[in-house]
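To keep things clear, I will list the structure first and then write my remarks on it.
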Amino acid sequence: MSAPLVSGEQMIAGAQVGSMIYSRFKTGTRGEWQTGLLVRESKEFVQNLGPAPVIQLHAGAIEHSRVLLVALIAKIAGELYETWFNYYQTNGAAHFQDFQRQAEIALIFFTPERARIIAVRNGLADFFQDAERRARERAPWAMHDFDVARELTYAEYPEVQNLWAHLAAKK
């Protein structure tokens, strides 16, 4: 018997404060799949967000060799959180397709338990459609190749603020 898979909620609950990942889950009465952003933060931070916090999302595609990295950075009440989409991971295309069709993106905050959900308008649909097209034009890459490409990107943009500025400038 194989070990059970770890859910996105289990991963983020055990993650370091300041972490963000993406995960698929079913919503609504029809049980439709969507991809949301899971954010691990302190109880104080989440409590101090207020009723309508300022949230900005920037996404960008970065090419390294044959890999297309897709970075998404959320700026929430002045704090930056990053996550990286890999089209060729298991079910990777589903995340790209979710972001193309969803009207909203849910940000689910954990402290480490689920503490709050905030939905923002999805302004990334066209970006994810283009990124999917660009990824499909390439031969599939291995996870190792993705990790190497991301490390090269970290060398180029050593702080998340640098990457945020790069992605914001490309909008």
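The values are calculated or read from the model by the stated rules, or taken from the named source; none is laboratory data. No experiment lies behind these values; they were computed from the predicted model shown. All Cβ positions, glycine included, derive from the backbone under ideal geometry; neighbour counts span all protein chains shown.
Screening R114 on (1) within 26 Å of N48 (Cβ to Cβ); (2) modelled with pLDDT of 95 or more shows it passes everything except condition (2).
Listed by position, the strands (runs of 3 or more DSSP E) inside segment 55-171 whose residues that are farther than 22 Å from E9 by Cα number at least 3 are 55-64, 67-76. Within segment 74-104, being farther than 26 Å from A139 by Cα, surrounded by 13 or more Cβ atoms within 10 Å (Cβ to Cβ) and of a type in the set (A, V, I, L, M, F, W, C) holds for A74, I76, A77, L80. If you go through segment 151-171 and pick out every residue that is under 19 Å from F99 (Cβ atoms) and of a type in the set (D, E, K, R), you end up with 2.
Can we say A155 is within 17 Å of the chain's Cα centre (by Cα) and of a type in the set (G, A, S)? For A155, the condition - within 17 Å of the chain's Cα centre (by Cα) and of a type in the set (G, A, S) - is not met.
Picking from residues in segment 129-157 that are free of Cβ contacts under 8 Å to residues at least 60 places away in the same chain and within 22 Å of L57 (Cβ to Cβ), the one that is surrounded by the most Cβ atoms within 10 Å (Cβ to Cβ) is E132.
If you filter segment 24-51 down to residues that are among the small types (G, A, S) and more than 15 Å from A74 (Cα to Cα), you find that the one that is modelled with the lowest pLDDT is G28.
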